[in-house]
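For reference, the structure discussed in these notes is given below.
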Amino acid sequence: MNAIVEKALPLWGWHGADYTLVAARENAVYRVRFRGETYALRLHRIGYRSDAELRSELDWMAAISKGDLNVPSPIPTLSGKTLLTIDNTQIDALSWLSGAPLSEHFPSENRASIFYQLGQNMAKFHIISDAWTPPDTFTRPAWNRDGLLGETPLWDRFWENPQLTTNEQTLFRQVRTQANALLSRHEETLDYGLIHADLVPTNVMYDAQRLTFIDFDDGGYGYRLFEIATALLKFTRDPDYPALRAALIKGYTNKREINLELLDFFMLLRALTYVGWNISRMNDKGGQARNARFIDTALELSKYLKSIN
């Protein structure tokens, strides 16, 4: 990867810049320091997104950054390009946001106030996205009924996770059928539009009481309840979860109206997606233990389906 970075830096005019690998999850992200400024250089996972999808993501981030919300914005090369391919690897550069992810720095006090701000920022994000007119070439994944519950979901067939027991596979197939029927009845009236789709603690930066969003890799069209469920799911077992949930919802609804009747249902849908997502990552470090947690969470939330069906 360093060899690719060395080839990329001059194309932005950053000859001799210092760079450090700061994240190596789905994409490799380097912090680049040049003449007193800091940037993020992203090397995208090969084969995950097309050039059209990545250019759409960059256009979207540029539009959001012009609104009342601080998100990374694209930095063009000296020739004006925002996306390059070097050695079969797609590369772009973004403005650098200060702070640390909530996953690394979540103060033990005032957690509810942070979630209130998170809810406000999510609402702003949706308002700005709705006001923006994407170009005709805009293309991003759709977290719709087919993307969540179809034959080829965006994050794999959760009901075929190899660690599921026979009874669990049967249950998840039943859940899928019931969830598909429920979503089919309500999808036309649900709040649907552009969503980040991955507002987990690693993608929410905290700096001096300010929250910012990073990593739009999975962003696209989807249900706004799915967005809220994504932000909440990881915290469902925390003692202060009721307070966090109430604060996030209050922050959101103070900026933007939304019907929350099916929020618990979307908590289940979000949990199921992780059971599918981990299928191809089972052999990663900690993948087996993570898989067991994902399955347990989805099984627990599946109990709520009958009550909201």
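The values are calculated or read from the model by the stated rules, or taken from the named source; none is laboratory data. Quick caveat, the model's predicted, so the values are computed rather than measured. When we count neighbours, we look across all protein chains shown, and the Cβ atoms used for this are built from the backbone with ideal geometry, even at glycine. When the accessible area is computed, the model is the full protein with side chains, heavy atoms only, and any ligands, DNA or RNA have been set aside. Shrake-Rupley method; radii C 1.70, N 1.55, O 1.52, S 1.80 Å.
Side notes on the structure shown:
- Solvent-accessible area of the stretch 174-219 (1.4 angstrom probe, protein heavy atoms only): carbon and sulfur portion equals 46 percent.
- Solvent-accessible area, 1.4 Å probe, carbon plus sulfur percent, for the stretch 225-309: 51 percent
- Gaussian network model of the chain, Cα within-10 Å springs - most flexible of 164, 118, 148: 164
- Compared with the rule-of-thumb size 2.2 N^0.38 Å for a compact globular protein, the stretch 250-309 has a Cα radius of gyration ratio of 1.42.
- Here is the size of the stretch 198-309 from its Cα atoms: Rg then Dmax, 14.8, 43 Å.
- Estimated 222 nm signal from helices in the chain, with DSSP H stretches of n ≥ 4 weighted -39500 (n - 2.57), rounded to 500: -13000 deg cm²/dmol
- Each listed q (0.23, 0.26, 0.29, 0.34 Å⁻¹) maps to a log10 I(q)/I(0) for the stretch 218-262 from the Debye sum over equal C-alpha point scatterers, namely -0.89, -1.05, -1.17, -1.28.
- For residue 300, solvent-accessible area (1.4 Å; no DNA, RNA or ligand), Å²: 90 Å²
- Excluding ligands, DNA and RNA, the accessible surface per residue across the stretch 6-104 is 48 Å² with a 1.4 Å probe.
- Length gained on full extension, residue 289 to residue 187: 33.3 nm, using 0.36 nm per residue less the C-alpha separation.
- With K and R counted +1 and D and E -1, the other residues having a Cβ less than 15 Å from that of residue 9 yield a net charge of +1.
- Alpha-carbon centroid distance for the pair the stretch 169-221 / the stretch 14-30, whole angstrom: 28 Å
- Charge sum, other residues only, whose C-beta stays under 14 Å from residue 128's C-beta, Lys/Arg counted +1 and Asp/Glu -1: +1
- Computed over the chain, the ratio Rg/Rh where both radii use C-alpha atoms and Rh is Kirkwood: 0.97
- Cross-link pairs beyond the 25 Å C-alpha cut-off, checked among 124/250; 66/234; 124/234: 66/234
- Here r is the Cβ-Cβ distance between residue 264 and residue 142 and R0 is 25 Å; the resulting FRET efficiency, rounded to 0.05, is 0.65.
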